[in-house]
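The values are calculated or read from the model by the stated rules, or taken from the named source; none is laboratory data. Just so it is clear, the structure is predicted and the values come from calculations on it, not from any experiment. In this analysis, Cβ positions are derived from the backbone assuming ideal geometry, glycine residues included, and neighbour counts consider all displayed protein chains. Quick note on the areas: whole protein, heavy atoms, side chains included, nothing else; ligands and nucleic acids left out. Shrake-Rupley method; radii C 1.70, N 1.55, O 1.52, S 1.80 Å.
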Amino acid sequence: MTAPMALAILSACGGGTAADDEVAADAGSTRAHALAVVSGGGVYVDSTNGKDSNTGTQSKPIKTLAKLATFQLTAGQNIYLNCSGLWRETLTLAPTMLADGATVTGYGTACATSKPRIVGSNDYSSRWTKTGNVWSKSVGTTVPKISRLFVNGQMMRVAQWPNATVNNGTSLTDATAPSSATSTILTAVDAAALAGKNLVGATLLVKTQPWTIDTVTVSTYTAATRAMTVAGTVAYPLGPGDNYTLQDQQWMVDAPGEFYHDTAKGIVYLYPPDAATQGNLNGAKVEGSIRDNAITLSGRSNIKLTNLSAEMARDNGVYLLNAPGAVLTGLNVVDNTNRGVHVDLNVAVPATTPSVSVTASKVSGSTLVGID
């Protein structure tokens with residue numbers, strides 16, 4: 001379920017040009033860099049024209065978000081990301097990097113029409129091969145499980161049985177199945193349809209109560225008795241007539257828009273969503289979500305995140321850990337797998353201080369919740 005906020009998007013461009021050359025840096029060192037205390041100063045990042053050997057001034061920006069970990073901001077200094085930039089890495093803002101009240105925002109002439117894009121996906125375009133209706137690509141065995149796949153910006157569906165067009169993509173367990181925390185029985189019709197298919201290792205989504213869906217893994221299946229056991233814990237026992245869906249096996253990739261990532265073999269299988277991409281997937285833009293968070297901020301208060309885009313992460317678009325008083329304005333937080341904005345506070349917050357403020361932002365496309 002998504003809790004979208006379809007609000008106006010600000011185009012406020014961050015800036016600050018004073019005393020660029022006063023930013024101190026040591027490009028050859030892995031220790032923290034100490035920035036000079038300069039009003040309006042900070043670190044500038046440009047994914048296109050920057051170099052990590054640069055000093056981080058506006059005229060000499062660094063290139064990667066990872067390089068920010070070598071800088072230490074003091075009060076009044078901020079982080080500026082070029083609005084035309086795209087980073088396929090996590091923006092991690094640790095307590096040692098920022099001072100309370102710092103701002104992370106966009107800068108540059110492109111801010112009127114775009115925001116700095118921090119994406120949790122990698123680009124897997126080109127070098128796909130076709131077998132029948134299914135295309136495949138080797139991505140290597142070190143790539144984390146791809147939670148979402150996008151073709152030309154369109155989100156694909158994790159391969160499932162039944163297909164999404166059949167009974168809303170669900171089936172029912174046998175009406176005579178006894179309630180159990182670890183097993184259930186398929187109907188004879190479903191068992192016949194699944195004959196010869198490997199169910200072990202498949203993900204089972206089961207609606208054990210009207211208000212909850214459990215996600216577990218199939219551990220065994222006995223065709224003779226139609227009994228299926230699961231590994232993992234369910235909130236409520238599996239019972240007769242429960243709605244269920246099976247997911248995430250290669251044989252399930254049999255309908256347009258479905259994909260499966262075999263992490264053991266390091267191969268992604270995809271049934272393209274339409275005739276154009278089916279005819280030439282190598283001409284399409286294919287992206288897969290592999291990083292847990294797009295933006296992670298921890299241990300600082302009253303931080304301002306403005307004019308940024310956090311997209312396509314495996315878990316959260318923006319994750320705020322013990323960051324009371326954070327202000328999020330003009331953000332585009334879209335297509336993140338679980339949560340758009342996740343606020344996790346384990347510290348005391350004054351009653352007059354909101355834990356987080358989200359305004360003039362768009363949060364959409366999350367599976368669990370938009371803002372948690």
Quick one: is Tyr244 open to solvent by 40 Å² or more (accessible area, probe 1.4 Å), assigned to a strand (DSSP E or B) and modelled with pLDDT of 95 or more?
no
Just checking, does segment 258-266 include any residue being open to solvent by less than 50 Å² (accessible area, probe 1.4 Å), small (Gly, Ala, Ser) and more than 24 Å from the chain's Cα centre (by Cα)?
no
Spot the failing condition for Thr359; the list is (1) among the β-branched types (Val, Ile, Thr); (2) in contact with a Pro (Cβ under 9 Å, 6 or more places away or on another chain); (3) within 22 Å of Tyr80 (Cβ to Cβ), and only one is missed.
(2)
Counting only residues that are part of a loop (DSSP other than H, G, I, E, B) and more than 16 Å from Thr105 (Cα to Cα), how many does segment 304-328 have?
8
Could you check how many residues of segment 48-95 are more than 25 Å from the chain's Cα centre (by Cα), surrounded by fewer than 20 Cβ atoms within 10 Å (Cβ to Cβ) and part of a strand (DSSP E or B)?
1
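Determine whether Thr165 is of a type in the set (Ser, Thr, Tyr), open to solvent by 60 Å² or more (accessible area, probe 1.4 Å) and under 30 Å from Ser289 (Cβ atoms).
Values: of a type in the set (Ser, Thr, Tyr): yes; open to solvent by 60 Å² or more (accessible area, probe 1.4 Å): yes; under 30 Å from Ser289 (Cβ atoms): yes.
The answer is yes for Thr165.
Would a scan of segment 128-135 turn up a residue that is within 17 Å of Leu305 (Cα to Cα) and surrounded by fewer than 19 Cβ atoms within 10 Å (Cβ to Cβ)? Don't jump to the end; show me each part of the working.
Of all residues in segment 128-135, those within 17 Å of Leu305 (Cα to Cα) come to none.
No - not one qualifying residue is present in segment 128-135.
Per-residue answers, yes or no, for (1) closer than 16 Å to Asp123 by Cα; (2) of a type in the set (D, E, K, R):
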position	(1), (2)
Asp242	no, yes
Gln249	no, no
Asp254	no, yes
Gly257	no, no
Ala264	no, no
Tyr271	no, no
Gln278	no, no
Gly283	yes, no
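Suppose we filter Ala224, Ala235 for residues that are at pLDDT 95 or above and assigned to a loop (DSSP other than H, G, I, E, B); which single one remains?
Working: Ala235 fails: at pLDDT 95 or above.
Residue meeting the stated conditions: Ala224.
If you take the residues in segment 180-219 that are β-branched (Val, Ile, Thr), in a strand (DSSP E or B) and within 14 Å of Leu246 (Cβ to Cβ), which one is modelled with the lowest pLDDT? Step through it out loud before you land on a result.
Step one: of segment 180-219, the residues β-branched (Val, Ile, Thr) are 182, 184-185, 187, 189, 200, 203, 206, 208, 212-213, 215-218.
Subsequent filtering for residues that are in a strand (DSSP E or B) retains 184-185, 203, 206, 208, 212-213, 215-218.
Narrowing the set further to residues that are within 14 Å of Leu246 (Cβ to Cβ) leaves 184, 203, 206, 213, 215-218.
Numbers: Thr184: 96, Thr203: 97, Val206: 95, Ile213: 91, Thr215: 94, Val216: 96, Thr217: 97, Val218: 98.
Only one residue tops the list, namely Ile213.
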Just give me the residues in segment 142-159 being part of a loop (DSSP other than H, G, I, E, B) and open to solvent by less than 90 Å² (accessible area, probe 1.4 Å), in sequence order.
Val143, Pro144, Lys145, Ile146, Ser147, Arg148, Gly153, Met156, Ala159
From Ala284, Ala294, residue being touching a helix residue (DSSP H, G or I) at 6+ places or on another chain (Cβ under 6 Å), of a type outside the set (Ser, Thr, Tyr), crowded, with 17+ Cβ neighbours inside 10 Å and under 27 Å from Ala159 (Cβ atoms):
Ala284
For a quick check of your reading of the model, give me the residue pairs whose first member lies in segment 252-269 and is free of Cβ contacts under 8 Å to residues at least 24 places away in the same chain, whose second is assigned to a loop (DSSP other than H, G, I, E, B), with beta-carbon atoms closer than 9 Å and at least 6 apart or on different chains.
Pro256/Asn133; Pro256/Tyr271; Pro256/Pro272; Pro256/Pro273; Pro256/Asp274
Hits in segment 332-367 - residues which are open to solvent by 50 Å² or more (accessible area, probe 1.4 Å) and modelled with pLDDT of 95 or more
Arg339, Thr359, Lys362
Do the conditions hold for Asp174, that is, is it in contact with a strand residue (DSSP E or B) (Cβ under 9 Å, 6 or more places away or on another chain), surrounded by 17 or more Cβ atoms within 10 Å (Cβ to Cβ) and at pLDDT below 95?
no
